[in-house]
Structure formats: C-alpha cells, structure tokens
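What follows draws every value from the coordinates through simple rules; no lab data is involved. All of these numbers come straight from a predicted model, not from anything done at the bench. When we count neighbours, we look across all protein chains shown, and the Cβ atoms used for this are built from the backbone with ideal geometry, even at glycine.
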Amino acid sequence: MINKLAKAQKSWVAKLILTLTALSFMSLFGITGYLASASNNRTVIKVDNVEVSQAEFSYQFQKELNAAKNMMDIDLNDEANDELRSALTNAISQRMVRDSIIDRTAQKYHVSFRPELISRVVQSDPSFKDIAGNFNPDLFRRVLSENHISEQEYIKSVTRGLAEQILVSWPTRSIAVPDVLLNAELKVDNKRRTFKYVAVKPQELKVDRQISQEEIEQYYEDFASLFVAPETRDLSVLYLSIADIADNMKITDEEIKAYYDEHVENYEQKEKRDVLQMMFENEEDANKAYEKLQRGADFYYVASVDAKQTKEETDLGEVQEDELVFEIAEDVFALPKGGYTKPIQVGDVWQIMKVANIIAPTKTPYETAAQEIRKELLSEGLYDEIYDVLSKIEDELGAGKTLEEIAPMFHAEVLKVEALADDGTVKQMPEKLASLVKSADFIDAAFSYAVSETSQTIEADEGLAVLRVDALSETHQKPIEEVTSEIKALWENNEKTAIAQETINDIMHDVENGDDLTKSARRYGLHVYKSQPITRNETFANLDYNAIRELFIEDLHTPYQTMAGDDYLIAVAEQDFENSVPLSENEKALVKFKTEQSLAADLQKAMLDSYAKDYKIKIKYQLMGIEE
C-alpha cells in the first residue's frame, strides 16, 4: 500500500516537493476541528479506526501549494505545472498514511506520554523562548497562530513524534554492520574511476540577435509578476541593543565593595606546595626507603625502586593544606622546601611525603578585582534590567509618549528605516539596525501596523525595539521603461539557457545512439575533458556529492546527463581502478556511518511496513486526485 504511493516521481520536481513538505511540516495542523464538522467530508485514508478526511487532505494540500508557490515564485495553478501538483499530492499522501499508521500503532501498544513530559518537550523548543531563554506562553501562542496551528494539533504532532521515536527510531538506532558487508562497502567506496565529460556553459554562449521591442513588451506581459514593486514602509525605530542596556546599568562602588567582601575567598590564593609521595604496604619497607633518603638518595629513584611507582604516580602536584588527608596535612605544611616526612601511617598504607616547592599565598587587590566584579554584576543583573527597561517602555507608550520623547530616557535616538519590504530588503537604514531589520519579528511588526501607529516592544535576539510606521508605498507594477534592462537580461539568459539545453540534448542523443562523446562534442565546437581517477568521495567539474554517487552507479561507457551549478554536463565513465591508497580512518568511519544509516533507514521502513500489515488500510486515491 505504501509502496504504491511511494512509486511516484524520481524527477527533480518530486525531490523538491518532498523537501518542501518536510520544511513546512508544522504548518499542516490547525483547523482539523473545523474540517471534521464540514459537510461532504468523506474519508480518504483509514487505518483501522484512524481516519483522515477529504477536507483535511484538501486543506493541507492547499497549504503546501501556497508554500510551494511562495518558495518557487511560480503559479502552481497553471496547467503547465501539473507535475508539481502531482508530486505534491503524492508527498502529502505518503506522509498522512505514515502518520496514520504511527497513530494506530501507538494505540495498539498503549504508547502514551504524561502531560509533564509533553510540556517539557514543548517548553524546550527554542522557537518559544524569549530573549532571556525562558519559555514564553504568549510567544508560544503567537507562533502557533502565525502558522495557523491550534495548540491541540501542535501537541498531537509532538506526541506523534515521540511515539515514532519509540516505535520506529529507537529500535533501529544501534545497527551493527556485519564485517563482510562493511568490507564490501569499503572496497566499493575506495574504487577509483575516470570520466570523460563535456560541459555547456550558458553564460559563455553568444546570442546572435537582439531582443525586439515587441518581445520586450511580450516579456513584460508574460512575466508581469517579476516586475512588481512590493509594498514598502518607512519606519522610525527606537532600538536598545543589549550592549546599550548594559551601558545604562548603574553599578555603584558600594555594591562592588560589598561583593568583594562577601566573596573575598575567591580573590585569595592560599599557600600551595608541590608535593611528592611514595606509599608502602608495611612499615618495614617504608623505613628502609626513609633510610635511603637520609643517605642522600633521590626521592624519585627511591619511589621507583622501593615503592615500584612511576614518576607520574610519585608527583602529587600542587596542593593546598585542606586538600590533603588530615593525618599528613599538618606535617607536610610544616616542612621547609626540600624536606620530607618520616613514614606516616594513613589507613592501611605508610607514606613518605616531600615538599619540592612552596608557592606563597596571594591576594588579588580590590582595585584589580573591581573591574571583573563590575562585569560579573552587570551579567547577573542584565536580564532583570532588560525586563525593567521593557516594562518602562511599555508604560511610557501606554501613557501616550512618542518614541522621540521616550528615547532620551535611555540615552538613545530614534533611527530611520526607509522603504522596508516584507522580504527584508531595505533602501536605507543605519548599520546598527542591520541584523534587527532582517529578523522575522521585526518585519512582522513593521507590516502589522497602520501609518502613524506604534508597535509594542519587540524582543529580538539583539535587544529591544519599538517601531512606528511613518509612511507606506503600496505594491504596484513597475513601468516598462524602468525594467527594460531587467527584461533584456532575462531574455538573454533564457536564450542562452535554451541554446545550452538544445546543444546538450543533441549531444546526449548522439551518444545514446552510438556516437563517441568526443566526436559529437567537436561538431558543436566543444572540448571534451578527462578527469583524474577519483573515488566517490571526490569530485570533478564542480559536481555535487549526489551527482558523483549517481555517476558511480552507472555502468562504464554509459552517458549521464546532469547539472554542475548552472552548467549542463554529460559524463561517461571510462575505466575503473583498484585504489592503491587505503582509506584513512576518518574515511572508514564515514563509510561505516553511512552504511549504518542506510541499514537503519531500511529497517525503519521494514518496521513501518510490518506494522501496516496488521491493519485494515483503505485509501481512496481518486478523492485525493491520484489515479488508481
């Protein structure tokens, strides 16, 4: 059943859609309660008693469709994009069937979680933490609201995630790779292969003609969405960075002195002694060693011969008196430099101690410690100060004060942002606001208020901000005269891409029909290159990791067409070699890790399939727009 859904596409479109649905997974929950009561709400997926309605599927599909449109800036409702819609439908279907199987299996095996655990998981999510790193219920609700997720559905997704870990992930996390398989993988991974290849670079191609005025006008009409000036807003911003807030904090000399007196032990270094020791099981052996020391024998030598100790075992290092056991502490700290004790019984052993060096006690002067104490007090009180400042700003705003009236209270100034768009681009702004203006919270606030309205205080990672909308410019179509140069560049790039695509397709057709790659490439004035022998962990022609892996899967002398950045490329595997250079330990570890991950993924799929076999699963493909 799952395999039937999973067989969909292998194209770049399917891969993109699967990535997209993974990225926007959390946005798929939110109005299930409403949908459940909708009319004509037939079931499209049923796993025993777990059901997914047609309305819920349609809602989630539309959500993903909108996300895809925003991400790729194309019209997915156009008939030309049926492949995208089909890939999206299959991706959502696969995920919903999987989720339903997990939910049913959790029921079957009574997998449930205490509310306290769910609460801890939710509160640990960085998305819901405020500037002080604490869980903020208001922020939690706001994030869910912005993503159209109800609290009930978010908790359900968290619970399902935990259940999947227990039912699928944890049982497969410790995979022991058999040596015979690992050795085979190592051998395959270390095989070297040479390739010959030809690349068509669109940017290097020449277009023989110029775009006509008629074509310019046609491009302006066909690609109208590319030539729209977005809504922009001019803002006034009161911004207090964390550094600004810290600079305004007042730490008095009295507070610093009180802290120094209260923690004076932190600024005192007691006397230390560099101590050597040797230990014996009986008094007789200890006395013999002591006699040798009295005759001038070296302490390390006696410890080595008589106590059978290494130098490391003999050297106790620098210690304070309170770090030694009481039986020997007083005697050791009464010795002069170079002195040693008589044998002393400590528990069941006899010890001889020597003082190799004496480190005199020290005390950090108050004047030196004061600077560090000031920093410490600033750090300790910073978060309280941030919230004090936030509260004061909110109070002043509530009292009707303007940003210009509030700013002097914090030794700040009101900064101007000109023409901010909702994608974060801006015409002009002070450098101090560069990071803040790009943040989602700031942009959201900038486009949530009308002209002359002032926002609530924004808690950003960099500090606190309040903005006022001074003016806005509504979205509008740019005049053709303004975008003619863009149209010419777009047209030229499209022409070059079309020429490159046609050329590479012709060469691919020739090679697939038996022509030699070199011979075919020459007809188009292209040079054929040859790579050095490489492993599948190396590359050539700027190919990415996945393309190299695909090339190693292909048989020798089989052409493979791919992209290397913006370049079109055809590569043919020429010859395989046994690698004379063994893999490094890091490379072996990487191969082992990849093999473990592959086995774990296969086992997880097998476990999910085994769960599915125990249930009665009904999937109405036609209601989801999938052919039977």
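List of remarks:
- For segment 532-628: rounded, prolate or oblate by the Cα gyration tensor [a/c cutoff 1.5]: oblate
- Take every pair of alpha-carbon atoms less than 8 Å apart whose residues are at least six positions apart; their mean separation over the length of segment 271-360 yields a relative contact order of 47 percent.
- Rounded to the nearest angstrom and listed largest first, the equivalent-ellipsoid semi-axes of segment 302-402 from its Cα gyration tensor are 58, 16, 12.
- Long pairs among K191/K519; K250/K363; K201/K432; K201/K427, criterion Cα-Cα beyond 32 Å: K201/K432; K201/K427
- Loop-resident sites, segment 316-366, for trypsin sites (Lys or Arg not before Pro), counting at most 16 other Cβ within 10 Å (DSSP): K337
- Length gained on full extension, V451 to I344: 30.0 nm, using 0.36 nm per residue less the C-alpha separation.
- Neighbour-count ranking [beta-carbon atoms within 10 angstrom, fewest first] of L517, L623: L623, L517
- Among the GluC sites (Glu not before Pro) within segment 185-240, those in coil by DSSP and having at most 15 neighbouring Cβ atoms inside 10 Å are E231.
- The simple spin-label model puts a point 7 Å past each Cα toward its Cβ; for Q622 and A489 those points are separated by 5.1 nm.
- This ranking places W170, W350, W491 by how few other beta-carbon atoms lie within 10 Å of each, fewest first, which gives W170, W491, W350.
- In order along segment 266-274, phi translates into HN-Hα couplings of 6, 10, 10, 10, 5, 4, 10, 9, 7 Hz, rounded to whole numbers, per the Karplus curve 6.51 cos²θ - 1.76 cosθ + 1.60 with θ = phi - 60° and x for Gly and Pro.
- Relative contact order %, segment 476-555, counting alpha carbon pairs below 8 Å whose residues are six or more apart: 13 percent
- All-pairs alpha carbon distance profile, segment 147-199, 5 Å steps from 0, percent: 4, 13, 10, 10, 9, 9, 9, 8, 10, 12, 5, 1
- If R0 equals 45 Å, the separation of the Cβ atoms of D208 and E376 corresponds to a calculated FRET efficiency of about 0.05.
- Rough spin-label spacing in nm, given labels placed 7 Å along Cα→Cβ, for N579 and D609: 3.1 nm
- Convex hull of Cα atoms in segment 356-468, direction-averaged projection (nm²): 11.8 nm²
- Legend: ranking of residues L467, L608 from fewest to most surrounding C-beta atoms inside 10 Å; resulting order L608, L467.
- Averaging the sequence gap over all C-alpha pairs within less than 8 Å and six or more residues apart, then dividing by the number of residues, gives the chain a relative contact order of 23 percent.
- The average projected area of segment 94-246, computed from the convex hull of its Cα atoms over all directions, is 22.6 nm².
- Across segment 271-360, counting alpha-carbon atoms alone, Rg and Dmax equal 12.0, 35 Å.
- Inverse mean reciprocal Cα-Cα distance (Kirkwood Rh) of segment 184-226, Å: 15.6 Å
- Taking a sphere under 13 Å around the Cβ of A500 and counting the other residues whose Cβ falls inside, with K and R at +1 and D and E at -1, yields a net charge of -4.
- Between amide H atoms placed 1.01 Å from N, distances below 5 Å from T43 occur with Q54, all of them 5 or more places distant or on a separate chain.
- The GluC sites (Glu not before Pro) of segment 429-466 meeting both criteria, a DSSP state outside H, G, I, E and B (loop) and at most 16 other C-beta atoms within 10 angstrom of the site's C-beta, are E453.
- Size descriptor, Kirkwood hydrodynamic radius, that averages inverse alpha-carbon separations across the chain, Å: 33.2 Å
- Residues of segment 94-110 with an amide N closer than 20 Å to a point placed 7 Å from the Cα of S150 along the Cα-to-Cβ direction: 96, 99-100, 103-104.
- More than 12 Å apart - percent of Cα-Cα pairs taken over segment 394-453: 72 percent
- Sequentially through segment 426-433, phi angles give Karplus couplings (6.51, -1.76, 1.60; θ = phi - 60°) of 8, 6, 7, 6, x, 4, 4, 9 Hz, Gly and Pro residues having no value and appearing as x.
- The share of Cα pairs per 10 Å bin across segment 104-174, counted from zero up to the longest distance, runs 18, 44, 28, 11, 0 percent.
- Helical contribution to [θ] at 222 nm, DSSP H n ≥ 4, -39,500 (n - 2.57), averaged over the chain, rounded to 500: -14500 deg cm²/dmol
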